[in-house]
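A.B. asks: Dropping the structure in here first, questions after.
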Amino acid sequence: MAQLRLHPDRALPAGQDVRPVARRIYQATRELSLLCMHGHVDAAVFADDQRFSDPAQLLVVPDHYVTRMLVSQGVPLEQLGVPRMDGGQVEADPREIWRRFCAHWHLFRGTPSRYWLEHEIAEVLKIDIAPGPDTADELYDLIDARLAEPGFRPRALLDAFNIELISTTDSATSTLEDHARLAVAGLGARVVPTFRPDALTHVGHAGWIRQVRRLRELSGVDTGDYNGFIAALRSRRETFALAGARATDHGHLTAAAEPLPVAQARRVYAEACQGSVSDTAAAAFASHMLFEMARMSCDDGLVMQIHPGVLRDHDPAVHAAFGSDRGFDIPVAAEFTRALQPMLNAFGRDPHFRLVLFTVDESVYSRELAPIAGVYPSVRLGAPWWFLDSPDGMRRFRELVTETAGFYNTSGFVDDTRAFLSIPARHDLARRIDASYLARLVVEHRLSEDEAVETAVDLAYRLPQEVYAPATSTPTTRT
Amino acid sequence: MAQLRLHPDRALPAGQDVRPVARRIYQATRELSLLCMHGHVDAAVFADDQRFSDPAQLLVVPDHYVTRMLVSQGVPLEQLGVPRMDGGQVEADPREIWRRFCAHWHLFRGTPSRYWLEHEIAEVLKIDIAPGPDTADELYDLIDARLAEPGFRPRALLDAFNIELISTTDSATSTLEDHARLAVAGLGARVVPTFRPDALTHVGHAGWIRQVRRLRELSGVDTGDYNGFIAALRSRRETFALAGARATDHGHLTAAAEPLPVAQARRVYAEACQGSVSDTAAAAFASHMLFEMARMSCDDGLVMQIHPGVLRDHDPAVHAAFGSDRGFDIPVAAEFTRALQPMLNAFGRDPHFRLVLFTVDESVYSRELAPIAGVYPSVRLGAPWWFLDSPDGMRRFRELVTETAGFYNTSGFVDDTRAFLSIPARHDLARRIDASYLARLVVEHRLSEDEAVETAVDLAYRLPQEVYAPATSTPTTRT
Amino acid sequence: MAQLRLHPDRALPAGQDVRPVARRIYQATRELSLLCMHGHVDAAVFADDQRFSDPAQLLVVPDHYVTRMLVSQGVPLEQLGVPRMDGGQVEADPREIWRRFCAHWHLFRGTPSRYWLEHEIAEVLKIDIAPGPDTADELYDLIDARLAEPGFRPRALLDAFNIELISTTDSATSTLEDHARLAVAGLGARVVPTFRPDALTHVGHAGWIRQVRRLRELSGVDTGDYNGFIAALRSRRETFALAGARATDHGHLTAAAEPLPVAQARRVYAEACQGSVSDTAAAAFASHMLFEMARMSCDDGLVMQIHPGVLRDHDPAVHAAFGSDRGFDIPVAAEFTRALQPMLNAFGRDPHFRLVLFTVDESVYSRELAPIAGVYPSVRLGAPWWFLDSPDGMRRFRELVTETAGFYNTSGFVDDTRAFLSIPARHDLARRIDASYLARLVVEHRLSEDEAVETAVDLAYRLPQEVYAPATSTPTTRT
């Protein structure tokens, strides 16, 4: 049976000269509290504060990094308990799901999922047994018992994890009722919403008309025409800001952000309301809305985050059977230089605008993103995202970005996960990798160790705090 | 005169902490027999089992990696004995060719060609002299003498190299007579063909009509219309499978695999038979045929290999004078996410389908290939191909692929060479580089050394054996 | 107050095994004289040989790497003394500019700008104080005093820097009068011009007609039609060659080099003379002219340099206010395989043609550039350019290029800077990084140390000397 022991030097670089320096730099950051400025943990988790149901539902079923790896080796999603859209039968026994996961543990060698899971089991759950075919049942029981302890409820873990602030991601048409409950519980400033209007800016998507109706109800603004639509969105953003939101988030296929002439925007909106919008018009409107969202960010101070470049639901049969976020989201080549030009020309030097860019295409790091962030004052580069949120992915990010953009045009670490228990592991790993990169600079005599320590602290804490700070200046209304 | 001595630690990483671990992991794999699942050694070499003619014809003339490097510094192909299409005069003296090669030995510094050649001379031919202007003649004589020894004939080398299985690449219209002779000699299961239908799926190419005629003759199926063409291809695949083939191989400019409506496929085929097909129609038909080949792989269990993204014969004057494979093949940007979507949606989760993807565009490793292989159960990532079959190329492959796809969604090493004597060097290097990558994970405490050793053995032997296993299930006929 | 001390091992790799080897290889190159084959120092600097005015004007204001980093954190260009096009007020006090720069010194951590500036202050100016908020005034005074010394005038620094040859970059319509003055002063062979015809080949640009008029005046050739235009350009190239030019330089948005039918070229030229050329026609003409420039290089032996792939003046408001070269130049994805095909098919194997390619898109290194340079005898790969002229950028260049193209299809180091005082730092760093890469090959037993030393010397000195050698053969006139 494999003993699970996390080495204190894990993920630090080899080398008798570099590792001790990396260790010292890392030590200066490891106790800093966590700022989780963007992620996908459900606010209800903290509002309800119920115990996590079981090991499989906590660590396997909802984590598409984990299920996709099992799918890639022939395990159907049904056998992993992923619910079918049609309510059809799927594996209901969490222990059986857990066994399947453990039987395939070797698949995760070299992946960040393994790194997170080991950390969750060993550091968070305080269990010293590694998953594997022969440990499945014992491990299941130990985790299950742990989850029954009061110290492992969500709010207790907020403290245990030293989380100072955590942002959820919320549809623009969310009532934010969970956040209201959290406010009542005194957690309103610690668990804040993020404004995600994708379902409203993509006029071609199924359900758009229902979304607009909901927008009208919640905002109390007539969305009968384009002007009303824009005013209603502004109103929702205000509501989010009042609820503590620091940022908006935008998932688009491309980073295109080009305004339409107002008359054309009106026409597309009207067509969409009739349910008769073409794909081309819908794409142009999405691009237009990204531009408009930037304009609103200049006004209300919400930080704009863009996550482009992923073709969602690559396999429509899987989407039809199991819905979104099932591991079938595949990146495509990204382009930022031309796509963002209209937005940056209009707002990129506006002192009220803050824009954080993410990518899953590493070829744009040095070619486009670092040069853009290295000159436009509004732009910061987000942390390595999704597949790139990994030890080597983080290292390459620093190597490809720093020489052109420096450290101070990056946002600091953003965990962006729905796996709540993995949050400490992710921040800890980011601190280790940043320390490793900085240590190399020190050993190559390109930076002093004092500077490296200061920079590491900035990356871990001060930069996300500053980049995502609440808007300070009085917003000027623009037209 | 430069002494040639291969260091036992060659290609293993620097570092007092990493290298010993890498050495131990490598040791666990170095004696494993070789599975050469895709390559370009001619079956006739083994069927004839003649001595290799001379050092230049063995190591220089047919190796476009070697000749292109000399061309790049102004040595014309004629002076390297590469035959002209028009039968015009080229250098006929192998010693003169060998001297030219030796005079330019410094050009190969830092390249894999040097690595292969040193290994071939030192390890295979047991000669301890490095090429160079002053060693050309002596080295020529020593190699030539070695090639006269019976132990250096092709079949003897199969044993000496510890090759368990080697795949050749054969036109869909090959008679497979060399494989028949090998079967008679008891080597039928050790030297197997691969089905390569490119000359038939690219309807616009010169000689296509001749190819179709040949297809009809060999298959005995009337290829007068599209249905007959498809049936004839199926028949040829069966013949290949019976001759031991494990796989098909497809060299296309793009990875596009989108089916045409049958009526349209029929029309393009009929136009092609008339010799009047447009470039656009030909490209659409090639894309369609890639889709159809995937369908057939689901039925007959032949593993599908795709090698896309190379613009062949970049210089038409060189092509006209010397034919193909002369070093003038230049990669272009690759795209897989959208190109493969129709094929993967149709067959990607079919348990009978196995698809191995190759690329010469490193920007798709982390962006597209690893996410695709990390979810679709049919997909495995082939080894670093062509220019990337090199020490640093292999290292980058593991670094860019593993964190998203793991180790077990890769195919293990595929040597893919026409240089028979380089095969042991290539497998040996792949094992060294995989060991180096794994050793880093061990030293960074991301993997135990036991797991690393097991994974190294899997990559070197078990994975190619599994991925390219003969189809086990009874093929179901699909329509 | 931060002491500034450059460590002798700076930028050499960590590791007890690699660093000593790297140090020895580097030592073999560090005293070699500098060949500065392409750059942007103004010839007038050497012709006038005046003292540099002040620290801010020398090290901050004209260096867009420095100013863009300050802009990226909210410092307006006005506050950095960058002159406005409209003559509007900007900061006039150099000490104030210097203070702003010093206050933001931490932004440059990890960037090459910091590396250059530290070297300039410590090694060139012999001052041992690092910039910073608390050292600004003292450092300003020390630098200012140093600049008053005769040993710090431009010509004295040419000697101090051990510069054997330096190329300036000059508009095709330059009178080359500064070079004439330099010739009189005996420096004509040491400071040579480079022919840059961009303002003439981009027919759509503002001021093109004025440029053509100037071309006619200087060449004495009637530019009334296309033939005259071409003849005038040939004449200017001759004048440049007589003034010592070794090369031409071309900054285009893409690398497209496709000839137009002569009749069409004539028509576009005529339209442009009327001021009525379309964007499409202008782009086609630029592509055509790149092809024509290659033809002329075959004739007159001037080495052709192409710097493609940068979208200049990304923010038109900044361009209108401050002109070009203000840090708002952002790269776009590059493509060479198809773009250069017409040019390479026509001239790529011409023994009189020499073509040096640059890029700011690292994804083409292994995919396109190394395969092209690895076979076409005319092509050499230029050093890492612009944002990539950095420690890690240089390392990645060697790692991504060498295995396919070798060392001898690269141009050796090209500093390409307008910051005269940074030239020794840049060459020195390139030598350190090349030594580091070579040392790794030695320690991995892929190269002997003797070969590594020889290669390092070739990269630092012999290769640029050879690649940019004056044309030796009598040019044959082609039509």
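The values are calculated or read from the model by the stated rules, or taken from the named source; none is laboratory data. The structure displayed is predicted, hence computed values, not measured ones. Because the Cβ atoms are built from the backbone with ideal geometry, glycine has one as well, and the counts that use them run over all protein chains shown. Note: areas computed on protein heavy atoms with side chains; ligands, DNA, RNA excluded. Shrake-Rupley method; radii C 1.70, N 1.55, O 1.52, S 1.80 Å.
A.B. asks: Just to confirm my numbers, what's the Cα centroid distance between the stretch A:93-107 and the stretch A:202-246 in Å?
C.D. replies: 43 Å
A.B. asks: Once the mean 1/r over all distinct Cα pairs of the stretch A:24-94 is inverted, what Kirkwood radius in angstroms do you read off?
C.D. replies: Values: mean 1/r = 0.0660 Å⁻¹.
Across the stretch A:24-94, the inverse of the average 1/r is 15.1 Å.
A.B. asks: Out of the DSSP beta bridges found with both residues in the protein assembly as shown, what percent are antiparallel (nearest 5)?
C.D. replies: 15 percent
A.B. asks: Whole-Hz Karplus ³J(HN,Hα) for the stretch B:145-150, in order, using 6.51 cos²θ - 1.76 cosθ + 1.60 and θ = phi - 60°, x for Gly and Pro?
C.D. replies: Running phi through 6.51 cos²θ - 1.76 cosθ + 1.60 with θ = phi - 60° gives 5, 4, 5, 7, 6, x Hz.
A.B. asks: List the residue from chain A whose beta-carbon is nearest to the axis that rotates chain A onto chain B, together with that distance in whole Å.
C.D. replies: Residue of A nearest the axis onto B, distance in Å: A:SER363, 2.
A.B. asks: If we count every other residue with Cβ under 12 angstrom of A:ARG312's Cβ, Lys/Arg +1 and Asp/Glu -1, where does the sum land? Present the calculation step by step, with values, prior to reporting the outcome.
C.D. replies: Details: positive: A:ARG326; negative: A:ASP198, A:ASP313, A:ASP315, A:ASP325, A:ASP329.
Net charge in that neighbourhood comes out at -4.
A.B. asks: What nm distances, shortest first, do you get from the label point of C:GLY204 to those in the other copies when the point sits 7 angstrom along Cα to Cβ?
C.D. replies: Label-point separations across copies, in nm and ascending: 2.8, 2.8.
A.B. asks: Can you bin the stretch C:254-365 into rounded, prolate or oblate? Criterion: square roots of the alpha carbon gyration tensor eigenvalues sorted a ≥ b ≥ c, rounded for a/c under 1.5, prolate for a/b above b/c, oblate for the rest.
C.D. replies: It comes out oblate by the Cα gyration axes.
A.B. asks: Sticking with this structure for a sec: Let me know the mean shielding of C:10-19 by other chains, meaning the per-residue number of their Cβ atoms within 10 Å of its Cβ. Don't skip to the answer; put the middle values down first.
C.D. replies: Numbers: counts 3, 4, 3, 7, 15, 11, 6, 5, 4, 4.
Average neighbour count from other chains, rounded to a whole number: 6.
A.B. asks: How much accessible area per residue does the stretch C:294-335 have, in Å², with a 1.4 Å probe?
C.D. replies: Dividing the accessible area of the stretch C:294-335 by its residue count gives 23 Å².
A.B. asks: Related question: Take the alpha carbon atoms of the stretch A:142-272, find their radius of gyration, then divide it by 2.2 N^0.38 Å using N residues; give the quotient.
C.D. replies: Details: Rg = 18.6 Å, N = 131, 2.2 N^0.38 = 14.0 Å.
Scaled against compact globular proteins, the figure is 1.32.
A.B. asks: Still on this structure, I have one more. Can you give me the C-alpha center-to-center distance between the stretch C:110-149 and the stretch C:255-271, rounded to a whole angstrom?
C.D. replies: 51 Å
A.B. asks: Within 13 Å, Cβ to Cβ, of B:ALA148, how many net charges do the neighbouring residues add up to if Lys/Arg are +1 and Asp/Glu are -1?
C.D. replies: Taking every Cβ under 13 Å from that of B:ALA148, the sum is -1.
A.B. asks: Using packing as a proxy for protection, rank C:356-369, B:74-87 so that the peptide with the highest average count of other Cβ atoms within 10 Å comes first.
C.D. replies: My ranking of the peptides, most packed first, is C:356-369, B:74-87.
A.B. asks: Continuing with this model, one more query. Mind checking the mean number of beta-carbon atoms from other chains within 10 Å of the Cβ atoms in B:250-261? Could you put the intermediate results ahead of the total?
C.D. replies: On the way: counts 0, 0, 0, 0, 0, 0, 0, 0, 0, 0, 0, 0.
Partner Cβ neighbours, averaged per residue: 0.
A.B. asks: So, one more: Run the simple label-point estimate for C:THR280 and B:GLU258 please: 7 Å along Cα→C-beta, distance reported in nm.
C.D. replies: Once both label points are built, they end up 2.3 nm from each other.
A.B. asks: What gaps in nm, shortest first, separate A:ASP141 from its twins in the other copies when you place the label 7 Å past Cα toward the beta carbon?
C.D. replies: Sorted ascending, the copy-to-copy spacings read 7.9, 7.9 nm.
A.B. asks: Is there a simple number for the mean count of other chain Cβ atoms within 10 Å of the Cβ of residues in A:371-381, and what is it?
C.D. replies: Details: counts 12, 5, 1, 10, 15, 9, 7, 2, 1, 1, 0.
Taking the mean over all residues of the peptide, I get 6.
A.B. asks: Could I ask something else about it? Could you work out what % of the accessible surface of the stretch B:52-149 is carbon and sulfur, using a 1.4 angstrom probe and leaving DNA, RNA and ligands out of the count?
C.D. replies: The computed percentage sits at 48.
A.B. asks: Here's something else I'd like to know. Hey, how much of the P(r) for the stretch C:381-465 falls beyond 17 Å, as a percent of Cα pairs?
C.D. replies: So the portion of pairs separated by more than 17 Å is 43 percent.
A.B. asks: What are the nm distances, shortest first, from C:PRO316 to its equivalents in the other copies, labels at 7 Å along Cα→Cβ?
C.D. replies: Copy-to-copy label distances for C:PRO316: 4.0, 4.0 nm.
A.B. asks: Something else now. Determine, for each peptide in C:164-171, A:148-155, the mean count of other beta carbons within 10 angstrom over its residues, then list the peptides with the highest first.
C.D. replies: By packing density, highest mean first, the sequence is C:164-171, A:148-155.
A.B. asks: Can you list residues whose amide H is under 5 Å from B:ALA247's amide H, if they're 5+ apart or on another chain and H is modeled 1.01 Å from N?
C.D. replies: B:PHE195, B:VAL303
A.B. asks: Further question: Could you give the nm distance between label points at A:ALA469 and A:ASP134, where each point is 7 Å from its Cα heading toward the beta carbon?
C.D. replies: Placing both labels 7 Å along Cα→Cβ, they lie 5.7 nm apart.
A.B. asks: Tally up the carbon and sulfur contribution to the accessible surface of the stretch C:299-430 as a whole percent, 1.4 Å probe, everything protein left in place. List each step's numbers first, then the result.
C.D. replies: On the way: 1250 of 2330 Å².
That share works out to 54 percent.
A.B. asks: So which residues of the stretch C:443-458 lose at least 20 Å² of accessible area, probe 1.4 Å, when you go from the chain by itself to every protein chain present?
C.D. replies: With the partner chains in place, the stretch C:443-458 has these residues losing at least 20 Å²: C:VAL443, C:GLU444, C:HIS445, C:ARG446, C:LEU447, C:GLU451, C:GLU454.
A.B. asks: Would you compute the Debye intensity of the protein assembly as shown from its alpha-carbon atoms alone, equal scatterers and no solvent, and pass along log10 I(q)/I(0) at q = 0.08 Å⁻¹ to two decimals?
C.D. replies: Listed by q, the Debye log ratios stand at -1.10.
A.B. asks: Could you give me the radius of gyration and the Dmax of the stretch C:51-152, taking only the C-alpha atoms into account and expressing both in angstrom?
C.D. replies: When restricted to Cα atoms, the stretch C:51-152 yields Rg and Dmax of 13.1, 39 Å.
A.B. asks: Count the net charge of all other residues whose Cβ sits under 11 Å from the Cβ of C:PHE397, scoring Lys and Arg as +1 and Asp and Glu as -1.
C.D. replies: Net of charged neighbours comes to -2.
A.B. asks: Turning to a different aspect of this structure: For chains A and C, what's the summed buried accessible area, probe 1.4 Å, to the nearest 100 square angstrom?
C.D. replies: Summing both sides, the interface buries roughly 3700 Å².
A.B. asks: Ranked from highest to lowest mean number of other Cβ atoms within 10 Å per residue, what is the order of the peptides C:417-424, B:122-129, C:211-218? Each step should come with its number before you reach the end.
C.D. replies: Values: C:417-424: 22.1, B:122-129: 16.4, C:211-218: 18.1.
Put in order of decreasing packing, that is C:417-424, C:211-218, B:122-129.
A.B. asks: Expressed in nm², what is the orientationally averaged projection area of the convex hull enclosing the Cα positions of chain A?
C.D. replies: 22.5 nm²
A.B. asks: What does the helix-only formula give at 222 nm for chain C: each DSSP H stretch with n ≥ 4 adding -39500 (n - 2.57), the total divided by the residues, and the result rounded to the nearest 500 deg cm²/dmol?
C.D. replies: Working: 21 runs with 210 residues, N = 479.
Helix-only estimate at 222 nm: -13000 deg cm²/dmol.
A.B. asks: Restricting the count to DSSP beta bridges whose residues both fall in chain B, what percent are antiparallel, rounded to a multiple of 5?
C.D. replies: Rounded to the nearest five, the antiparallel share is 15 percent.
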